[in-house]
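The values are calculated or read from the model by the stated rules, or taken from the named source; none is laboratory data. Just so it is clear, the model here is predicted, and its values are computed rather than measured. Cβ sites come from the backbone with ideal geometry, for glycine too, and all protein chains shown count toward neighbours. Note: areas computed on protein heavy atoms with side chains; ligands, DNA, RNA excluded. Shrake-Rupley method; radii C 1.70, N 1.55, O 1.52, S 1.80 Å.
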Amino acid sequence: MKPLAVVTGATSGIGRATAQRLSADYRVIGTTRNPGTVSDPIDGVTYVALDLHDPTSIEECATGILAHGIPEVLINNAGESQSGPFEELPRDAVERLFQVNVIGHVDLTQRLTPAMRAAGRGRVVMVGSMLGSFPLAYRSSYVASKAAIKGFALAARREFAPFGVWFSVVEPGSIATGLSDRRTKYVDETGDFTDEFTRMLNKLDANERSGISAERVAEQIARVVAAEKPKPLYACGSAAWLAFPVSRVVPLQWMLTLISRRHNL
Ligand SMILES: NC(=O)c1ccc[n+]([C@@H]2O[C@H](COP(=O)([O-])OP(=O)(O)OC[C@H]3O[C@@H](n4cnc5c(N)ncnc54)[C@H](OP(=O)(O)O)[C@@H]3O)[C@@H](O)[C@H]2O)c1
């Protein structure tokens, strides 16, 4: 029997492409908030319910996964893309974002790793964002959530390595998934930040639309899980091959200015 892989947020974009790619070598469990209404299901993928905003759903999802077997691969991909001026982000929106992008995935992972450790082999991939490494104005909550999940993964990596379970982070740049249509936005239309925020968002959405395909990220993720000893951090899209080496030699403010300019700020 093929080993088991779990991909959260498997109904669109990167998660869907990853579920499809992994289904060649794995029995794939893909998660969605609405398993009854998956519009274009992938052959060989079993869809299970997961709402990362709901602790009960996370608990039930983990139990359901373990009923299928011990996962060898866990791709924590599902996420919300939130934008807004720092001052205008509602507290409940920030809390929801951290529950979905950070705490939910930590919770799900904690429920699956004991079995993965006991099996002596595993791959856990957190899908972050290059914005987690290169912060952008008017994305502060999202940037912080992606930096947080990266922190969890890179610190936990050493804890799990002796058990043959490798934690890695994949940071996509701009990926053409249609995510722009699903972003949550919080801005006071009559506030001081509206013009700049709108300029940034228009460029952000244009970058997303002209980004690389979700399939290329899925290929990257497939290479990570196939590696004998996956590296801590991978990135793809948005000239990642240049951005990371440059960031190691120029002052941080130069990088921040560069990221702002790339978004018309
Ligand atoms: N696209 C980009 O440019 C880009 C760049 C950097 C990083 N990323 C990151 O890559 C990941 C995937 O992005 P994408 O562009 O592929 O997004 P997407 O197409 O919008 O897909 C998001 C997935 O997450 C699931 N999801 C949303 N809210 C959820 C919740 N509360 N609980 C459980 N599942 C939830 C959705 O499933 P259901 O609606 O079926 O529940 C969907 O399958 C995200 O973490 C995103 O932050 C994307």
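Apply the Karplus curve 6.51 cos²θ - 1.76 cosθ + 1.60, θ = phi - 60°, to the phi angles in the stretch 82-93 and return the couplings in whole Hz, x for Gly and Pro.
Karplus values, whole Hz, x for Gly and Pro: 10, 9, x, x, 2, 5, 10, 7, x, 3, 5, 5.
So, how do all the Cα-to-Cα distances of the stretch 49-113 break down into 10 Å bins, in percent, from 0 on up?
20, 48, 22, 9, 1
Percent of accessible area on the chain owned by carbon and sulfur, 1.4 Å probe?
The computed percentage sits at 54.
Could you give the semi-axes, largest first, of the ellipsoid that matches the stretch 54-185, computed as the square roots of 5 times the alpha carbon gyration tensor eigenvalues and rounded to whole Å?
28, 16, 13
Put MET1, MET200 in order of accessible area, largest first, 1.4 Å probe: what do you get?
Largest to smallest exposure gives the sequence MET1, MET200.
Taking the Cα centre of the chain as the origin, how large is its charge dipole in debye, to the nearest 20, when only Lys and Arg (+1) and Asp and Glu (-1) carry charge on their Cβ atoms?
With only Lys, Arg, Asp and Glu charged at Cβ, the dipole is about 1100 debye.
Multiply the residue gap between ASP92 and ASN264 by 0.36 nm, knock off their C-alpha separation, and tell me the result in nm, one decimal place.
59.0 nm
Can you work out the accessible area per residue across the stretch 129-228, with the rest of the protein chains kept in place, probe 1.4 Å, in square angstrom?
Result: 45 Å² of accessible area for each residue.
Report, by chain and number, residues whose modeled amide H sits under 5 Å from the one on VAL165, excluding near sequence neighbours (fewer than 5 apart, same chain).
Answer set, sorted by chain and number: GLY122.
Under 5 Å between amide H atoms, partner at least 5 residues away or on a different chain: which partners does ALA235 have, H built in plane at 1.01 Å?
Here the answer is GLU171, since their amide H atoms fall under 5 Å of that of ALA235.
Against the longest principal axis of the chain, how steep is helix 140-160, in degrees 0 to 90 to the nearest 10, with axes from Cα atoms?
30 degrees
How large is the dipole of the stretch 166-265 about the Cα centre if only Lys and Arg carry +1 and Asp and Glu carry -1, each at its Cβ, rounded to the nearest 20 debye?
Computed about the Cα centre, the dipole is about 440 debye.
Projected area of the chain, taken from the Cα convex hull and averaged over every viewing direction, in nm²?
Numbers: hull surface 56.0 nm².
If I average the Cα hull's projected area over directions, I get 14.0 nm².
How far, in degrees from 0 to 90, does helix 194-209 lean away from the longest principal axis of the Cα atoms of the chain, to the nearest 10?
Roughly 40 degrees, rounded to the nearest 10.
How far is helix 214-226 tilted, in degrees, relative to the longest principal axis of the Cα atoms in the chain, given as a value from 0 to 90 rounded to the nearest 10?
50 degrees
Rounded to the nearest Å, what's the spacing between the alpha carbon centres of the stretch 150-195 and the stretch 108-138? Just the number, please.
Computed from Cα coordinates, the inter-centre distance equals 11 Å.
Set Lys and Arg Cβ to +1 and Asp and Glu Cβ to -1, take the dipole of the chain about its Cα centre, and tell me which of TYR234, THR190, ALA78 lies farthest positive.
TYR234
Over the stretch 4-262, what relative contact order in percent results from Cα pairs under 8 Å that are six or more residues apart?
RCO, the stretch 4-262: 20 percent.
So if each residue of separation counts as 0.36 nm, and I subtract the Cα-Cα distance between THR63 and PHE244, what length gain in nm does that give? Could the numbers behind the result be given before it?
Working: separation 181, 0.36 × 181 = 65.16 nm, distance 3.87 nm.
Extending this stretch completely gives an extra 61.3 nm.
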